[in-house]
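What follows is a set of notes on a single structure, which appears directly below.
The values are calculated or read from the model by the stated rules, or taken from the named source; none is laboratory data. Everything numeric here is computed off the predicted structure, so don't read it as measured data. Here the Cβ is made from the backbone with ideal geometry for all residues, glycine too, and neighbour counts use every protein chain on show.
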Ligand code: SF4
C-alpha cells in the first residue's frame, strides 16, 4: 500500500506521532483564517462563544465575582435572553454595568425563506459583513428537526459536486458565530427557555453539514459544541450532534476523543481514482485511511452508527459494482448509508441518478444488512443546493449595486 499510515506494520504510537504532526500543520493553517475578535465597534465584548472559564475571567476583569458566570450562563444559554435588563435575578446596577462592557449578540438575519415542506433557510450576517447559511429541516412525522450549521465562510475543498465548493474560503467562523447560528434559529421558533431532559425539542439535533469543512476549523467548532452540550445551558446531548467531514483523518481521532459526537463521512465514491476527483481531499487522505479512522472512532457503536453520505450522480458513481464495493468498505463498522440524489445547480454538468438506479443501489446495501435510506433534497422550492442562498444574496446585492450605480449615472 502506498500510504504508510494505513499499513498494518505502522505501530499505533508511530501513527499517533504522524497524526500529531499533521494536526499541528492543519491547525497552523486554520489560524490563518481566524475570525475577527468578538468586540463591537464601541468596544464591548461579545459574551456568546466564551467558555465558562473565559466568562468568569471577563467578569473578574470588570471587578465582579466569578460566580456570576453561572448566573449569566443560565440567562444566555438556558433562557436565551439577549438583554441584560431582562435578567431578573441580577440587580439593576449590575445589569447596567454588564451592558456597558458586554453584549449578548446574535448574527443578523439577511434572508429567511420557508419552503413548502417547512424547511427554513437562514442567511446570517456577522459583524464583519461575512455571511453563512443555516437550515432547519423539520422531521415530517414528529415535532422535531435538525439544524444544519455552517462552520466556515466558503470552503477550501472544492468538491466537484458541491456548490459551496465554488466559493473560496474567506475565513473560519468563530465559536460565537457557530453557537449564534443555533441560537438565532431557536429565536426564530421561539424555543426558549431550553427544554430540559426528555422534554421534546423542535430544534432537536445539530448537523455540522453546512458551508465549510468543520475539521478544518476544529478549535472553534469544538468550543461551540462544548457550549451547546453544557448541561446548564442549551444542554443538547452529544448523541444529537453529528459532524460531517470529507475525511480530515488526523482531526477525526481528536474529535472522537474530545467531543464524542456522531460522525458522518462524505464518501461519494468507493474508488480512489474517482474520489480524488469528486472529493479532492482524498488525494491526501485516501479511502483506506479514512475507513481505518472510522474503525478507530471511539463514539461509534451499534446505537450510534457512522453515517456514510453518498451523493448519487448518474453514470458516475451509481453502478451495482460500486454499491457492492461500498458494502465491502463499511463491513465491520457500525454504519448506515444515506443516499442523496445529486441536486443540480447552475454550472454543474452532473445529473441525479434515476429512480431505478437509486432503488437498486439502495437494495444492494440493504441486502447486506445496512440501512440505506434515499434522502430526497428538502427545501427544493426555496433554493436547491447548499451554498445557493449566499450566492443568490450576493447576486441580488451586486444587482442592486449596479442598478444604483446606473441610477446615479442616469442622474448625472
Ligand atoms: S462538500 Fe463540504 S467540504 Fe466539500 S466543498 Fe462542499 S462544503 Fe466544502
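Please list, ordered by first then second residue, the pairs with beta carbon atoms under 8 Å, 6 or more apart or interchain, first in region 47-74 and part of a loop (DSSP other than H, G, I, E, B), second modelled with pLDDT under 95 and loosely packed, with under 13 Cβ neighbours inside 10 Å.
none
Name the residues in region 208-265 that are part of a strand (DSSP E or B) and closer than 15 Å to residue 177 by Cβ, would you?
Once the filter is applied, which keeps residues that are part of a strand (DSSP E or B) and closer than 15 Å to residue 177 by Cβ, region 208-265 yields only 208.
Do we have any residue at all in region 159-169 that's modelled with pLDDT of 90 or more and out of contact with any helix residue (DSSP H, G or I) (no Cβ under 7 Å at 6 or more places or on another chain)?
yes
Out of (1) surrounded by fewer than 17 Cβ atoms within 10 Å (Cβ to Cβ); (2) modelled with pLDDT of 95 or more, what's the single condition that is false for residue 65?
So the condition that residue 65 fails would be (2).
Test of understanding: among 275, 328, 254, 283, which residue is away from the ligand (no atom under 15 Å from the Cβ) and in contact with a helix residue (DSSP H, G or I) (Cβ under 9 Å, 6 or more places away or on another chain)?
Just a single option satisfies the conditions, and that option is 254.
Of the residues that sit in region 156-185 and are assigned to a helix (DSSP H, G or I) and within 9 Å of the ligand (Cβ to nearest atom), which one is surrounded by the fewest Cβ atoms within 10 Å (Cβ to Cβ)?
First, pick out the residues of region 156-185 that are assigned to a helix (DSSP H, G or I): 164-166, 175-185.
From what is left, the residues that are within 9 Å of the ligand (Cβ to nearest atom) are 164-166.
Details: 164: 26, 165: 22, 166: 17.
The extreme case among them is 166.
Quick one: in region 205-227, of everything that is touching a helix residue (DSSP H, G or I) at 6+ places or on another chain (Cβ under 6 Å) and under 21 Å from residue 192 (Cβ atoms), which residue is surrounded by the fewest Cβ atoms within 10 Å (Cβ to Cβ)?
Restricting to residues being touching a helix residue (DSSP H, G or I) at 6+ places or on another chain (Cβ under 6 Å) and under 21 Å from residue 192 (Cβ atoms), the top hit is 205.
Tell me, yes or no, whether region 50-60 has at least one residue that is in contact with a strand residue (DSSP E or B) (Cβ under 7 Å, 6 or more places away or on another chain) and under 23 Å from residue 216 (Cβ atoms).
Within region 50-60, none of the residues are in contact with a strand residue (DSSP E or B) (Cβ under 7 Å, 6 or more places away or on another chain) and under 23 Å from residue 216 (Cβ atoms).
Could you figure out which of (1) within 25 Å of residue 381 (Cα to Cα); (2) within 15 Å of the ligand (Cβ to nearest atom); (3) within 12 Å of the chain's Cα centre (by Cα) isn't true of residue 213?
For residue 213, the exception is condition (1).
Kindly indicate whether residue 297 is surrounded by 16 or more Cβ atoms within 10 Å (Cβ to Cβ), under 16 Å from residue 279 (Cα atoms) and in the same structural domain as residue 268 (by TED's automatic domain parsing).
no
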